[in-house]
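Only one structure is covered here, and it is reproduced in the block below.
The values are calculated or read from the model by the stated rules, or taken from the named source; none is laboratory data. This is a predicted model, so every value here is computed, not measured. Don't worry about glycine lacking a Cβ; one is built from the backbone with ideal geometry, like all the others, and counts go over all protein chains shown.
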Amino acid sequence: MRNTTTGWLLIAPTLFILFVTGMLPFLYVLAVGFFDWNTFAQNPDPQFSGVNNFRALVFDAAFLKSLWLTLKFTLFVLVSQLVIGFFLAKMLLRDMPLKGLFRTIHTLPLMIAPIAVGATWRLMTVPGLGPIPHWMQQWFDVNYILSRFPDQAFATVVVMDIWHWTPLVTLTLMAGLSNLPDEPLEQARIDGASEWRIFWDITLPFLKPVVLTTVFIRLMDALRTVDEVWMLTGGGPGAETRFIGLHIWRVVFPKTDYGYGSAMSLITLYLTIVMCWLLYVAMTGMKEKTR
Amino acid sequence: MLKLMLATSAIALALAAPARADFWSDAGAKLQGVTIRGVSESTPPSNYVRDVLAPQFTEKTGIKVEFETTSWDQMFDKAIKDMEANSGIYDFVYIEQDIIYSYLARDFLVDLTQLMQDKPELAAPEFKVEEFTTFIDNFRGEDGHIFGVPMEAFIKVYLYRKDLFEDPAHKDAFKAKYGYDLAPATTFDQWRDNAEYFANLSQDDELWGTTVQASSGHPAAFYEFFESIAPTYGVYDWGIDAAKGAATVEKGGRMNSPEAKEALRFWVGLLDFAPPEATASTWDEVASTFAAGRAAQGWVYGENAAWVATNPEKSTVVGKVGVAMPPMAEGVMEAAEKGEGYVGYYDGGAFGIPHSSKNKEAALLWLQFIGQPSVQADWAVAGSRVVHQATFDDPKVKEVDAKADGYFTMMKDKGHLFKGAPAFPFHAQVREAVAPFIYEAIVGSLTPEDALDQAAAAAEAELAKLGYGAN
């Protein structure tokens, strides 16, 4: 009993901080989501509107497009980062000259703030100033103008995110790979298993907890991407890179539509939780199956 | 002997007494050590405030000024959140002419006239409201009291490259191709022809026909279209009838009128002759593009006119800049002269005191300091802004005016034909609803006609949601 009380006392400050910084804002947003509240409306006071904000979201083409773009972006960056990250992790675990230097260089993007990454990429992609449009024209005869061609903008945002966050995936996979037990791998090789078979049947199942954790982190990050994209494209051209975080920002801040923006935030949070849960079930289900 | 004693005493008293202070040091005496904080957009006039006027004010009053110059979006974001939350972070904020109506509707700002009446000891003798241009009227409340001290005002003008337009070889080539003389455009067709001619000169010369402020993800595009282009086609106030809450033609608005559609078609069509950065250009990039010699003509915010025309450290077209009135459709000039319309955008802003400020008295002194006549001329030279009538006649300003092809003269003589944003309390909300359709038109995913039809419907829906008009 005494131990339990002491335990609660010890974690009480943490719980308090979590409640104040996490739960209270969430409860506030939850409440605001049920109000029609724009401070520049004829009536600037919050008006209770029930579930109208949530109902309107279902028919809001801009919101749905933004959601779809976000999911597409998340899928592209997650798969790419996992694949590239795995190969980089395998490569950087091998003995080779200047391995430490390569590892350090490879990790550098992680140290840069997302807003600075966006600014750097913007400078590199501005027509007439940045090197990328110049090279694209010189080498591939491509008229590269992010602010005019939606496909180019989307692809560049994806590549920027891969460049920025793949090192995180590499690092976690390196940790996982370096902790793999040697015996099963050696036995498989003695039995003549192919590299693909070893990867699929031994490496991947052992790596699953690491992969799951990495995917969760990256999934949640990708779904709430704002600053890099805001800096690089501002959500344009048109609304072609206006991912959900950016869309919510525009609704809540410049448009000051607090009720509707809160409803969007809640739906996005709900979708994130659902996606994580589905992923968890799918991956742990796979684990059960492999047993 | 008595006289000698009196004289000696007088000298002694004079030496012993503190030096006679001026108004600023007297008024600032009780506020010594106070720090006031402000936020504004990073523009030439604001940068002059930060670098020159703020240190001068501190030196005279002992009041420190922390002045944050940031991006346009961030500035509004920070100021509005501060005033809404009543947090009192800022003691003065930039109030753009177009946002004042929203701020007044929310009682965000301190009544400066009232504050000066309540604190006569803080009313600077040099500060006189009647010396300002009529631009100050934008910052008056219903009772005529002022809520902001203008710090910048300019018109969005037509800049063109005089050296190119006056080049005999270009004149001959242009006439041979188009059948009439090369000249600054007075019609939209002429603007297009000029743009096409210069854009097609050579692919390697880094010269394009026109600037277009057509950022495909920034409200700057919305502003250029609705505040500079559409009015020249006779579509005023964004095509919105605020009383009716109408934007569509069906309900009495003009946002999707044939004239508006023709205007958007013309403007989007100019992208064929604009430099590749046009679809990423806000007002800053347009000025930079012109200053870099990458465009033969363009609509450029007047706050940049002086440095583009006169500063060789920042501009490659010094001495080559011409200034003219923008082209306009038939009847628009007549309507503007009668006060029934306008020919372009008269922009600017003021500094005001948020109701949440914790240092209102010090901020009041500061606003009067930047509003006094003696600081205006140098500020005008640095930032192409004029808010005092007398500034136009200052020798320093006249000197720059001559180098800038009469920009200030045009502002003085023709400024009344231009107009700021409409007095909408729902400014940002409708802009955010409409702008995405303009972006879609820019990138070609919507035709200009569809874009404006959808924009007008979205504007009406937003007005109805906000409770404005008879919708």
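For the stretch B:71-87, filtered to residues that are surrounded by 16 or more Cβ atoms within 10 Å (Cβ to Cβ) and of a type outside the set (D, E, K, R), the residue that is farthest from B:Ala382 (Cα to Cα) is B:Met83. For first residues located in the stretch A:14-41 and without any contact (Cβ under 8 Å) to a residue 12 or more places away in the chain, partners that are of a type outside the set (S, T, N, Q) and part of a helix (DSSP H, G or I) and lie 6+ apart or on another chain with Cβ distances below 6 Å form the pairs A:Ala41/B:Leu466.
Residue under question is A:Asn43, and the condition is that it be within 14 Å of another protein chain (Cβ to nearest Cβ), out of contact with any strand residue (DSSP E or B) (no Cβ under 8 Å at 6 or more places or on another chain) and of a type in the set (S, T, N, Q); does it hold?
Working: within 14 Å of another protein chain (Cβ to nearest Cβ): yes; out of contact with any strand residue (DSSP E or B) (no Cβ under 8 Å at 6 or more places or on another chain): yes; of a type in the set (S, T, N, Q): yes.
In short, yes.
Do we find a residue being closer than 11 Å to B:Leu452 by Cα, surrounded by fewer than 24 Cβ atoms within 10 Å (Cβ to Cβ), in contact (Cβ under 8 Å) with a residue 60 or more places away in the chain and not polar (S, T, N, Q) anywhere in the stretch B:272-286? Spell out the reasoning first.
First pass over the stretch B:272-286, keeping only residues closer than 11 Å to B:Leu452 by Cα: none.
Among the residues of the stretch B:272-286, not one is closer than 11 Å to B:Leu452 by Cα, surrounded by fewer than 24 Cβ atoms within 10 Å (Cβ to Cβ), in contact (Cβ under 8 Å) with a residue 60 or more places away in the chain and not polar (S, T, N, Q), which makes the answer no.
Residues of the stretch B:180-200 that are in a loop (DSSP other than H, G, I, E, B), more than 29 Å from the chain's Cα centre (by Cα) and hydroxyl-bearing (Ser, Thr, Tyr): B:Tyr180 alone.
Where helices (runs of 4 or more DSSP H) fall entirely within the stretch A:151-237, those with at least 2 residues that are of a type in the set (Lys, Arg) are at A:204-223.
Would you confirm, using the coordinates I've provided, whether B:Gln389 is in contact (Cβ under 8 Å) with a residue 12 or more places away in the chain and buried (at least 24 other Cβ atoms within 10 Å of the Cβ)?
Details: in contact (Cβ under 8 Å) with a residue 12 or more places away in the chain: yes; buried (at least 24 other Cβ atoms within 10 Å of the Cβ): no.
Spelling it out, it is not the case that B:Gln389 is in contact (Cβ under 8 Å) with a residue 12 or more places away in the chain and buried (at least 24 other Cβ atoms within 10 Å of the Cβ).
Taking the stretch B:59-75 as the range and being part of a loop (DSSP other than H, G, I, E, B) and of a type outside the set (A, V, I, L, M, F, W, C) as the test, the residues that pass are B:Gly62, B:Ser71. When residues in the stretch B:174-189 are screened for being touching a residue at least 40 places away in the same chain (Cβ under 8 Å), out of contact with any Ser or Thr (no Cβ under 9 Å at 6 or more places or on another chain) and under 19 Å from B:Leu264 (Cβ atoms), 2 of them pass.
Within 14 Å of another protein chain (Cβ to nearest Cβ) and in a helix (DSSP H, G or I), is that true of A:Asn53?
Yes, satisfied.
If you check B:Ser257, B:Ser315 for being more than 30 Å from B:Phe424 (Cα to Cα), more than 14 Å from chain A (Cβ to nearest Cβ) and over 20 Å from the mean Cα position of the chain (by Cα), only one passes: B:Ser315.
Being in contact with a strand residue (DSSP E or B) (Cβ under 9 Å, 6 or more places away or on another chain), of a type in the set (Gly, Ala, Ser) and either modelled with pLDDT under 90 or outside the structural domain of B:Thr282 (by TED's automatic domain parsing) (or both) narrows it down to one residue among B:Ser71, B:Ser25; which is it?
Values: B:Ser25 fails: in contact with a strand residue (DSSP E or B) (Cβ under 9 Å, 6 or more places away or on another chain).
Of the residues listed, the single one that is in contact with a strand residue (DSSP E or B) (Cβ under 9 Å, 6 or more places away or on another chain), of a type in the set (Gly, Ala, Ser) and either modelled with pLDDT under 90 or outside the structural domain of B:Thr282 (by TED's automatic domain parsing) (or both) is B:Ser71.
The condition of being away from chain A (no Cβ under 14 Å) and farther than 30 Å from B:Ala428 by Cβ holds for only one of B:Pro120, B:Pro150, that being B:Pro120.
Any chance the stretch B:114-124 includes a residue that's crowded, with 23+ Cβ neighbours inside 10 Å and within 28 Å of the chain's Cα centre (by Cα)? Within the stretch B:114-124 (the criterion being crowded, with 23+ Cβ neighbours inside 10 Å and within 28 Å of the chain's Cα centre (by Cα)), the answer is no, since none of the residues qualifies.
Just one of A:Arg242, A:Arg218 is within 14 Å of chain B (Cβ to nearest Cβ), touching a helix residue (DSSP H, G or I) at 6+ places or on another chain (Cβ under 7 Å) and buried (at least 20 other Cβ atoms within 10 Å of the Cβ); which is it? Even if it seems obvious, please write down each step before you answer.
On the way: A:Arg218 fails: within 14 Å of chain B (Cβ to nearest Cβ).
Within the list A:Arg242, A:Arg218, the selection yields A:Arg242.
For A:Leu64, the criteria (1) farther than 28 Å from B:Pro425 by Cβ; (2) touching a His at 6+ places or on another chain (Cβ under 6 Å) hold in every case but one, which is (2).
Within the stretch A:136-175, take every residue that is among the polar types (S, T, N, Q) and in contact (Cβ under 8 Å) with a residue 24 or more places away in the chain and give me the one that is farthest from the other protein chains (Cβ to nearest Cβ).
Applying the filter and picking the extreme gives A:Thr172.
Given (1) surrounded by fewer than 13 Cβ atoms within 10 Å (Cβ to Cβ); (2) touching a Leu at 6+ places or on another chain (Cβ under 9 Å), identify the lone condition not met by A:Tyr28. So the condition that A:Tyr28 fails would be (2). With respect to (1) modelled with pLDDT under 95; (2) under 26 Å from B:Leu417 (Cα atoms); (3) more than 22 Å from the chain's Cα centre (by Cα), the lone exception for B:Pro276 is condition (2). Evaluated against (1) within 17 Å of B:Gly352 (Cβ to Cβ); (2) in contact (Cβ under 8 Å) with a residue 12 or more places away in the chain, B:Lys81 falls short on exactly one condition, (2). Only one of the listed residues (B:Asp401, B:Asp405, B:Asp378) is surrounded by fewer than 20 Cβ atoms within 10 Å (Cβ to Cβ) and among the acidic types (Asp, Glu). That residue is B:Asp378. Against the test of being part of a helix (DSSP H, G or I) and not β-branched (Val, Ile, Thr), the options B:Ala350, B:Ala309 yield a single qualifying residue, B:Ala309. Counting the residues of the stretch A:252-286 that are at negative phi, surrounded by 15 or more Cβ atoms within 10 Å (Cβ to Cβ) and not in a strand (DSSP E or B) gives 22. Scanning the stretch B:201-214 for residues that are touching a residue at least 40 places away in the same chain (Cβ under 8 Å) and either surrounded by fewer than 19 Cβ atoms within 10 Å (Cβ to Cβ) or assigned to a helix (DSSP H, G or I) (or both) yields B:Glu206, B:Leu207.
Count, please, the residues in the stretch B:277-318 that happen to be small (Gly, Ala, Ser), under 25 Å from A:Met231 (Cα atoms) and out of contact with any Leu (no Cβ under 8 Å at 6 or more places or on another chain).
Narrowing the stretch B:277-318 to residues small (Gly, Ala, Ser): B:278, B:280-281, B:287-288, B:291-293, B:295-296, B:298, B:302, B:305-306, B:309, B:315.
Okay, now just the ones that are also under 25 Å from A:Met231 (Cα atoms), so B:278, B:280-281, B:287-288, B:291-292.
Still in the list and also out of contact with any Leu (no Cβ under 8 Å at 6 or more places or on another chain): B:281, B:287-288, B:291-292.
Of the residues in that region, 5 qualify.
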